[in-house]
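Written below as structure tokens is the structure these notes are about.
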Amino acid sequence: MPFLPWTLLLLLFSWILFQPFCRYVEIGRIALINYGPNYGKLVVIVDVVDQNRALVDAPKMVRCQMNFKRLSLTDIKIDIPRTPKKKVLIEAMQAAEVQKRWENSSWGRKLIVQKKRAELNDFERFKVMLAKIKRGALIRRELSKLKKENPI
């Protein structure tokens with residue numbers, strides 16, 4: 001074996017121990033649809049058709065094939081058999097509390113906030129703007145007090 005610098009060895013072993021990627025396409029993986037008419041819906045991969053497509057299903061959706069490019073894999077995975085019946089799928093999703101786990105994840109919270117912002121009307125956006133101005137004024141006031149108390 002050729003001699004490798006210790007930094008390269010450290011990098012190699014740290015990569016092996018802490019693999020950065022953990023979202024694999026597998027049966028039971030929860031995915032978010034990122035394009036098309038079902039944009040924003042959570043689906044479960046119930047079968048892999050080929051290297052480009054998967055069979056996906058959700059409680060309020062008809063089972064269909066979907067290209068992997070239209071799916072964003074999440075960290076959530078449920079334990080289901082291959083191509084389960086709709087009833088089994090719904091029970092597994094409820095037992096794993098998929099919707100609750102999604103809403104508590106940072107990604108899910110971010111999408112909820114984006115949706116709420118998009119639904120604001122003009123007056124509500126105006127109120128948000130005023131609240132931001134007031135918050136900034138409070139922060140500046142407190143910061144100036146702290147600077148006066150503790151000069152450098």
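Derivation of every value follows stated rules applied to the coordinates shown; laboratory data play no part. Just so it is clear, the structure is predicted and the values come from calculations on it, not from any experiment. When we count neighbours, we look across all protein chains shown, and the Cβ atoms used for this are built from the backbone with ideal geometry, even at glycine.
When segment 15-65 is filtered for residues that are surrounded by 13 or more Cβ atoms within 10 Å (Cβ to Cβ), charged (D, E, K, R) and farther than 18 Å from K77 by Cβ, the ones remaining, listed by number, are R53, R63. If you go through segment 93-122 and keep only what is free of Cβ contacts under 8 Å to residues at least 40 places away in the same chain, under 17 Å from V44 (Cα atoms), assigned to a helix (DSSP H, G or I) and over 13 Å from the mean Cα position of the chain (by Cα), you end up with Q94, A95.
Within segment 62-92, the set of residues being more than 20 Å from the chain's Cα centre (by Cα) and not in a helix (DSSP H, G or I) comprises V62, R63, C64, Q65, I80, P81, R82, T83, P84, K85.
If you go through segment 91-119 and pick out every residue that is hydrophobic (A, V, I, L, M, F, W, C), touching a strand residue (DSSP E or B) at 6+ places or on another chain (Cβ under 9 Å) and farther than 20 Å from C22 by Cβ, you end up with 3. Name the single residue, out of those in segment 66-108 being acidic (D, E) and closer than 12 Å to R29 by Cα, that is surrounded by the most Cβ atoms within 10 Å (Cβ to Cβ). Checking each candidate, the answer is D75. Comparison of L146, L111, L120 shows that the only residue that is surrounded by fewer than 10 Cβ atoms within 10 Å (Cβ to Cβ) and of a type in the set (A, V, I, L, M) is L146.
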